[in-house]
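Input: a single structure, listed below in structure tokens.
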Amino acid sequence: MLGEFSIRSDSSEVNDSDSRSKKVWLLLAYMIYCRNRSVSSEELVELIWGEEEGSSNPLNALKTMFHRARTFLNQLDDTAGHSLILRREGSYAWNTDVPLTLDIDRFDHLCHTGAATQDDNAKLEIWLEALPLYRGPFLSKLSSEPWVVPIAAYYQNLYIETILGVLPLLKQRERWQDVVQLCRTAIALEPYQEELYSNLMSALIRLEDQQGAVTVYEEMSQLFLSNFGIMPSDDLRALYREAVRTVNSHTVAPGEILEQLREESNQAGALFCDYDIFRVIYHSVARLVTRSGDAVHLALISVSAENGKTLARRSLDRVVGNLQELICSNLRRGDVAARCSLSQFILLLPQANFENSQMICSRIARSFVRQYPHSPAQLHFSVHPLEPSH
């Protein structure tokens, strides 16, 4: 039931890959999960059809649904359908006399047994046996069913708790490759757990795969920004800086360094970079301004719908993509730009006074309106002088 829902007997198997039979799989899943009690026909009708406008004879429709369920089960054995599902005076029950092993029971047992074990080596062994059983959310194809939601949350939390218990034990034993493998598997299942990325990056750095750690950070940063409009934590940024500093772990000839620093193509327009890189450039420019006294301004461009409301996600993604292209093409080669939130860009404009910076932002806004006259988006901008570093 964790991930794909499947039922196996000896060499035969049926699974929920047939999306046309969702209600049949819902019925089977509920009967198995509630296997220790009889389930009334009324409860099952409410489960399967709920607020839908159902049949004028729902009990007869339920019998038809059980006929389809038994037909599925007969693929395991010619008599499985009738031997596994029992009819009892207005109710139905799963036959508990037939031995049944559930992955959720095994997973739950191993996780809690490991947590209660005092010896760290035994604890680690038990937990590592438990984790592969979690192949995805509980009944993932039925995730919208109200009764599934709290159960799925329980097993998801148990999985994350166990992962976060295992990782320190592996790190104590310097099993860095196991940390990497475990984190990558967990991230594929739970992509929004920042601690998994932190552990993965630190393990890759220990394995001297700094470029791999940089790649993980960049992918995670884009994922979090695109979905939540947030930047990575200070701890993750520190790991990123550590990885970047040590990408060249051997002595590099001056010519090779210059080649690495050379821009890939002589592109016109602004330099567009990640927000973390933008911050470093900002700090560098702020130090230069302290000595030179040059005029440097920051501009913040924000996207919203009419009346300041938030755009629908699909529209926002399209608008932001179009706006990024316009920003790059309307700025000079010496300017720097970055996306700093889900709906905002920040611009660094060296050798531009306040009036020039306002004109630059107005030009970008006019270009956007001219190129996308039917866009639901409105652009707002503000300009601020860069404060010299003290």
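The values are calculated or read from the model by the stated rules, or taken from the named source; none is laboratory data. Since the structure is predicted, the reported quantities are computational estimates derived from the model, not experimental observations. In this analysis, Cβ positions are derived from the backbone assuming ideal geometry, glycine residues included, and neighbour counts consider all displayed protein chains. For the accessible areas, the whole protein counts, side chains as well, though only heavy atoms, and no ligand, DNA or RNA atoms are used. Shrake-Rupley method; radii C 1.70, N 1.55, O 1.52, S 1.80 Å.
Here are the numbers:
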quantity	calculated
Residue that is more than 17 Å from Leu379 (Cβ to Cβ), open to solvent by 30 Å² or more (accessible area, probe 1.4 Å) and either touching a helix residue (DSSP H, G or I) at 6+ places or on another chain (Cβ under 9 Å) or without any contact (Cβ under 8 Å) to a residue 60 or more places away in the chain (or both), where the choices are Glu355, Glu325	Glu355
Qualifying positions in segment 183-201 - open to solvent by 30 Å² or more (accessible area, probe 1.4 Å) and not β-branched (Val, Ile, Thr)	Arg184, Ala188, Leu189, Pro191, Tyr192, Gln193, Glu194, Glu195, Ser198
Segment 81-138: number of residues that are without any contact (Cβ under 8 Å) to a residue 40 or more places away in the chain, charged (D, E, K, R) and part of a loop (DSSP other than H, G, I, E, B)	3
Unique match (being more than 24 Å from Gly50 (Cβ to Cβ), modelled with pLDDT of 95 or more and surrounded by 12 or more Cβ atoms within 10 Å (Cβ to Cβ)) among Asp119, Asp103	Asp103
The lone exception for Cys273 - which of (1) open to solvent by less than 40 Å² (accessible area, probe 1.4 Å); (2) at pLDDT 85 or above; (3) in contact with a Lys or Arg (Cβ under 9 Å, 6 or more places away or on another chain) it fails	(3)
Scope segment 1-48; condition part of a loop (DSSP other than H, G, I, E, B), open to solvent by 60 Å² or more (accessible area, probe 1.4 Å) and small (Gly, Ala, Ser); matching residues	Ser11, Ser17
Residues that are farther than 29 Å from Asp209 by Cβ, of a type outside the set (Gly, Ala, Ser), open to solvent by 10 Å² or more (accessible area, probe 1.4 Å) and assigned to a loop (DSSP other than H, G, I, E, B), drawn from segment 139-178	Glu145, Pro146, Trp147
Residue under evaluation Leu73, criteria (1) touching a helix residue (DSSP H, G or I) at 6+ places or on another chain (Cβ under 9 Å); (2) free of Cβ contacts under 8 Å to residues at least 60 places away in the same chain, criterion not met	(2)
Failed criterion for Leu86 (all others in (1) more than 38 Å from the chain's Cα centre (by Cα); (2) under 23 Å from Glu4 (Cα atoms); (3) surrounded by 14 or more Cβ atoms within 10 Å (Cβ to Cβ); (4) not β-branched (Val, Ile, Thr) hold)	(2)
Near pairs, Cβ below 6 angstrom, 6+ apart or cross-chain, from segment 1-27 (charged (D, E, K, R)) to any residue that is surrounded by 15 or more Cβ atoms within 10 Å (Cβ to Cβ)	Asp16/Phe5; Asp16/Trp25; Asp16/Lys141; Lys23/Ile48
Residue that is surrounded by the most Cβ atoms within 10 Å (Cβ to Cβ) [pool: residues in segment 365-390 that are out of contact with any Ser or Thr (no Cβ under 7 Å at 6 or more places or on another chain) and polar (S, T, N, Q)]	Ser375
Of all residues making up segment 330-376, the number that are in a loop (DSSP other than H, G, I, E, B), within 22 Å of Ala312 (Cα to Cα) and in contact with a strand residue (DSSP E or B) (Cβ under 8 Å, 6 or more places away or on another chain)	1
Within segment 49-80, considering residues that are assigned to a helix (DSSP H, G or I) and aliphatic (A, V, I, L, M), the one surrounded by the fewest Cβ atoms within 10 Å (Cβ to Cβ)	Leu59
Gln211 closer than 19 Å to Arg245 by Cα, assigned to a helix (DSSP H, G or I) and open to solvent by 10 Å² or more (accessible area, probe 1.4 Å)	yes
Test set (1) of a type outside the set (Val, Ile, Thr); (2) closer than 20 Å to Gly229 by Cβ; (3) not in a helix (DSSP H, G or I) - Leu323 fails condition number	(3)
Failed criterion for Val320 (all others in (1) open to solvent by 60 Å² or more (accessible area, probe 1.4 Å); (2) touching a Lys or Arg at 6+ places or on another chain (Cβ under 8 Å); (3) hydrophobic (A, V, I, L, M, F, W, C) hold)	(1)
